[in-house]
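Below is one structure, written out as structure tokens; comments come after it.
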């Protein structure tokens, strides 16, 4: 599923706070040259990079607030400004889902690794489920809603990166968890200093878990992570790498967030410095992942933006497991197809044991 | 004879008057007052009033309407009078002039949607407000026999989000009703000493888009004009930074009146050159109609409900474009253009009246599609 013709995009209003918008419709280049979230930057680069084969050109325009053009004169005015446009890609951070009447609307969610945004999105789809049901397709996601007992799932399509290089150095920290004091744990880990890159040759298997803010606050997922940590302590030939959540730039805070999630699982973890369990300060680049790939096993939380990495990295990995929110009792065929295409292999799916409680009602 | 008509012979309607319990009536309380007064004047329904599922005596409501405040109504209820009030009839036809406090309380219910800004622009609201409006909205709408929307824009936005309710969404548009004595009082007072100014009316909050005025101040059309902006309304939410950041020069050009009485608002509008309405989103936009009723055209954002209310009595601009705003400002500042639009303003406002507001409710109660 792709766009049919000339396309406009819309972005969340909060992203425009530091953008000097000249009017309601403007060129995507203005966003590129402004301070926007890194996640949005990746998403718009992906959209802008769709070549002429796929209809969207690099001169994509952006609508600042499509929701204000509701009907009649205001909607006519907008249509005059974007004459000839057939498709609208709504980039959503979970706070709103914006449809433009008369265009083919496509949804691209990003940034749901933030727990707050994820909850916002869950609330939104619970409170106004018919909104999601009206999107023609969704990019990189497989969101579903239930309307009158029927499942609606806009057709997913994949738009992923072809390469991912890391611009900032990634540091590795030996794990240490004092369940009585996260501050003490983080302090010790930081005090031990950083490893440039551990010697991976010694390990026959490498597990990689890119933690997100949402994943760190997901009790069910943390049970699995804590179990992995405890097991890995006793497997000297195995290495466990956990990317710290990117929620803030404060490394100590990120450590506390990750450790807090692990502690919350109430699994006994040896209270000693691990030599084979590490936090990484940032994403591992394709070069590192590709090198590790034959021995690499990935555990991805549903909030992780899988499209950050190219297919080649996933394809070469030994195994991939995806932890899903228990919105449904089974994984949809469309979700399986999308992720299989993204990974070049069929992932294993793990459904959360408990559903999320929104507005006092579990799903 | 059915239960609905057994007393007066007229079909009965119970109106939830919760919004009238507010001390200061602006926005939804004023809408509720106008609705009640329109239906009383129409006279084709037997009206009852309710709050939290108990009947409120008619004389208490009429007293509050006379005062223009809910202070006495609320204190009477809270002092304990409410304990003796009877419950509403579960078979009543019940109308909520705003969101419902409960649903499926009676056999036949309708609620009123003023706007869906908490859904489409949640970032402009505090989370508690979003939760308050949105938590039960889907269930409220599902339990409604009819959903009244205060404008075509609100109906369009609502039915984009909830297409399944499109068949039962009807319009309920309000009107302007300045008290008759305002004109006499005004005639006996000197004009306010403010020089030439354009009025901006509304609670100061991000959606009102006052930042556009600041951006436009740098442009010659605004900077070199002798017309100032007088912002009429209380300071709302999420604008602390905006207000604190105003420079002395900006405060020269933009004057803030704070909350004013209805009469002061009338006066300030009456002496303004025109109304500026830069809001990025409105459910209806009653200040535009209020200004038009006094012959004042509107320099108006091209957004949501504003074109349907203002019609040809305004000059429109892209609400995110300072240069478009400045160009529109220059156009409306021209004396000839202003006079031409002023005559259209009064005509436009006459299209909205009490009978137009009462009719959809009467039709609903009587079962007219």
So if I check each of A:228, A:289, which one is assigned by TED's automatic domain parsing to the domain that holds residue A:319, in contact with a strand residue (DSSP E or B) (Cβ under 8 Å, 6 or more places away or on another chain), surrounded by fewer than 22 Cβ atoms within 10 Å (Cβ to Cβ) and assigned to a helix (DSSP H, G or I)? A:228
Can you spot a residue in segment B:184-199 that is closer than 30 Å to residue A:132 by Cβ, in contact (Cβ under 8 Å) with a residue 12 or more places away in the chain and either crowded, with 19+ Cβ neighbours inside 10 Å or within 13 Å of chain A (Cβ to nearest Cβ) (or both)? no
Please determine whether any residue of segment B:329-337 is free of Cβ contacts under 8 Å to residues at least 40 places away in the same chain, assigned to a helix (DSSP H, G or I), farther than 30 Å from residue B:96 by Cβ and touching a strand residue (DSSP E or B) at 6+ places or on another chain (Cβ under 9 Å). yes
Is at least one residue of segment A:81-89 surrounded by 20 or more Cβ atoms within 10 Å (Cβ to Cβ), touching a helix residue (DSSP H, G or I) at 6+ places or on another chain (Cβ under 6 Å) and within 14 Å of another protein chain (Cβ to nearest Cβ)? no
Residue B:47 - would you say it is free of Cβ contacts under 8 Å to residues at least 60 places away in the same chain and within 19 Å of residue B:146 (Cα to Cα)? yes
Anything in segment B:111-130 that is more than 13 Å from every other protein chain (Cβ to nearest Cβ) and either under 18 Å from residue B:173 (Cα atoms) or crowded, with 19+ Cβ neighbours inside 10 Å (or both)? List them, or say none. B:111, B:112, B:114
For residue A:190, the lone unmet condition from (1) in the same structural domain as residue A:230 (by TED's automatic domain parsing); (2) surrounded by 15 or more Cβ atoms within 10 Å (Cβ to Cβ) is (2)
Within segment B:291-321, the residues that are assigned to a helix (DSSP H, G or I), crowded, with 24+ Cβ neighbours inside 10 Å and within 12 Å of chain A (Cβ to nearest Cβ) are B:306, B:307, B:309, B:310
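Okay, residues lined up against (1) assigned to a helix (DSSP H, G or I); (2) in contact (Cβ under 8 Å) with a residue 24 or more places away in the chain:
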{"residue": "A:5", "(1), (2)": "no, yes"}
{"residue": "A:19", "(1), (2)": "no, no"}
{"residue": "A:23", "(1), (2)": "no, yes"}
{"residue": "A:44", "(1), (2)": "yes, yes"}
{"residue": "A:62", "(1), (2)": "no, yes"}
{"residue": "A:73", "(1), (2)": "yes, no"}
{"residue": "A:83", "(1), (2)": "no, no"}
Condition first: within 14 Å of chain B (Cβ to nearest Cβ) and in a loop (DSSP other than H, G, I, E, B). Now tell me which residues in segment A:139-158 satisfy that. A:148, A:149
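Counting only residues that are out of contact with any strand residue (DSSP E or B) (no Cβ under 6 Å at 6 or more places or on another chain) and either over 23 Å from residue B:158 (Cβ atoms) or touching a residue at least 60 places away in the same chain (Cβ under 8 Å) (or both), how many does segment A:87-106 have?
Counting residues in segment A:87-106 that are out of contact with any strand residue (DSSP E or B) (no Cβ under 6 Å at 6 or more places or on another chain) and either over 23 Å from residue B:158 (Cβ atoms) or touching a residue at least 60 places away in the same chain (Cβ under 8 Å) (or both) gives 3.
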Give the number of residues within segment B:131-153 that are part of a helix (DSSP H, G or I) and either surrounded by fewer than 21 Cβ atoms within 10 Å (Cβ to Cβ) or more than 8 Å from chain A (Cβ to nearest Cβ) (or both). 10
In segment B:263-277, the residues that are surrounded by fewer than 24 Cβ atoms within 10 Å (Cβ to Cβ) and assigned to a loop (DSSP other than H, G, I, E, B): B:271, B:273
If we keep only residues of segment A:338-363 that are assigned to a loop (DSSP other than H, G, I, E, B) and over 16 Å from residue A:297 (Cα atoms), then the residue modelled with the highest pLDDT is A:352
Sort out which residues of segment B:139-152 are more than 23 Å from the chain's Cα centre (by Cα) and free of Cβ contacts under 8 Å to residues at least 40 places away in the same chain, and write them in order of number. B:139, B:142
Residue B:325, sole failed condition from (1) over 23 Å from the mean Cα position of the chain (by Cα); (2) surrounded by 21 or more Cβ atoms within 10 Å (Cβ to Cβ); (3) free of Cβ contacts under 8 Å to residues at least 60 places away in the same chain; (4) within 14 Å of chain A (Cβ to nearest Cβ): (3)
Please work out which one of (1) within 24 Å of residue B:281 (Cα to Cα); (2) in the same structural domain as residue B:269 (by TED's automatic domain parsing) is the condition residue B:191 fails and give its number. (1)
All positions within segment B:160-176 that are crowded, with 22+ Cβ neighbours inside 10 Å and part of a helix (DSSP H, G or I): B:160, B:161
Output for segment A:29-45, where each listed residue is more than 21 Å from residue A:249 (Cβ to Cβ), surrounded by fewer than 19 Cβ atoms within 10 Å (Cβ to Cβ) and away from chain B (no Cβ under 14 Å): A:29, A:32, A:33, A:45
Considering (1) within 11 Å of chain B (Cβ to nearest Cβ); (2) closer than 20 Å to residue A:152 by Cα; (3) buried (at least 22 other Cβ atoms within 10 Å of the Cβ), say which one residue A:129 fails and leave the rest. (3)
Only one of B:276, B:361 is in contact with a strand residue (DSSP E or B) (Cβ under 7 Å, 6 or more places away or on another chain) and not assigned by TED's automatic domain parsing to the domain that holds residue B:201, namely B:361
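May I ask you to list the residues in segment B:177-201 that are closer than 19 Å to residue B:25 by Cα and assigned to a strand (DSSP E or B)?
Answer for segment B:177-201, where residues must be closer than 19 Å to residue B:25 by Cα and assigned to a strand (DSSP E or B): B:200, B:201.
The values are calculated or read from the model by the stated rules, or taken from the named source; none is laboratory data. No experiment lies behind these values; they were computed from the predicted model shown. Glycine gets a Cβ as well: all are built from the backbone with ideal geometry, and neighbour counts include every protein chain shown.
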